[in-house]
Amino acid sequence: MPVSPGRVRLVTAGIVLGLAVIMVVPAWLAAPLADPAPIFMTAGVIAGFGACALPHLCVARKPWHRHGPGGRFLTTRTWTGHRTLDLHRLRSVRTWKEVYRGGATTYLIVTDASGTRLGFTGPQADRLIRRYAVERPRGTRTSRPIRVSRLARADLGIEPLPRGLSALRSLLSVERSALLIVGPMMVSAAIASH
């Protein structure tokens, strides 16, 4: 059974609140200690890795199930439960790149008119998204155009990025991941130092 967008927001808010508690409470309790560094470092790292995991809540896990007239609906499991995306009512496609040691993964994040958001990886997903977000709307009159970000167009092979921008994008992806980990550590340190 598909999950409502409200439930997804509730689960995400719960996770964010849990990360804040993990980051703030140990630092607050450790403040009177002579050396609170081990506690805030541990709490900050845990909260940082949790923050890095947040975008994965919407990532589609195989197998996908197409159903409805013409296979217009796609239902799949995510960390928050099953979600159903209406491929005929897409509203936006954007991209998110995660760089890690030894490689990178690019996620295409698709949102439909009801607010359902799913993230996809791999060539099969690229073909499906290109078909429903780019090719199909050209042949039909849609009341609202589908917003496909510049980076998503590059990842779908529609419009390549200028030279040098791809390397800069990878560098910024690494920096973003590092900030998601270091940011909570710095907040914990600030709390523990007062």
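The values are calculated or read from the model by the stated rules, or taken from the named source; none is laboratory data. In this text the structure is predicted, and so the values were computed from the model without any measurement. Note: ideal-geometry Cβ built from the backbone for every residue, glycine included; neighbour counts use all protein chains shown. For the accessible areas, the whole protein counts, side chains as well, though only heavy atoms, and no ligand, DNA or RNA atoms are used. Shrake-Rupley method; radii C 1.70, N 1.55, O 1.52, S 1.80 Å.
Values for this structure:
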quantity	calculated
Phi-based couplings in Hz for segment 76-84 (Karplus 6.51, -1.76, 1.60; Gly and Pro marked x)	8, 8, 10, 5, 9, x, 6, 10, 10
Computed E for TYR100/TRP79 - FRET, C-beta separation, R0 22 angstrom, nearest 0.05	0.75
Solvent exposure, largest accessible area first (probe 1.4 Å, DNA, RNA and ligands not counted), of TYR100, TYR132	TYR100, TYR132
Solvent-accessible surface ranking, highest first, for PHE49, PHE120 at 1.4 angstrom	PHE49, PHE120
Gain upon complete extension [LEU161, PHE49; 0.36 nm per residue less C-alpha separation]	37.3 nm
For segment 87-150, with +1 on Lys and Arg beta carbons and -1 on Asp and Glu, the positive-most of VAL99, ILE109, PRO123 along the dipole	ILE109
Amide proton proximity set for VAL148, modelled H, under 5 Å, gap of 5+	VAL93
Accessible-area order (highest first, 1.4 angstrom probe) of the listed residues GLU135, GLU98	GLU135, GLU98
FRET efficiency for ARG66 and VAL11, using Cβ-Cβ distance with R0 set to 25 Å, rounded to 0.05	0.50
Rounded accessible area of TRP64 (nearest 10 Å², 1.4 Å probe)	50
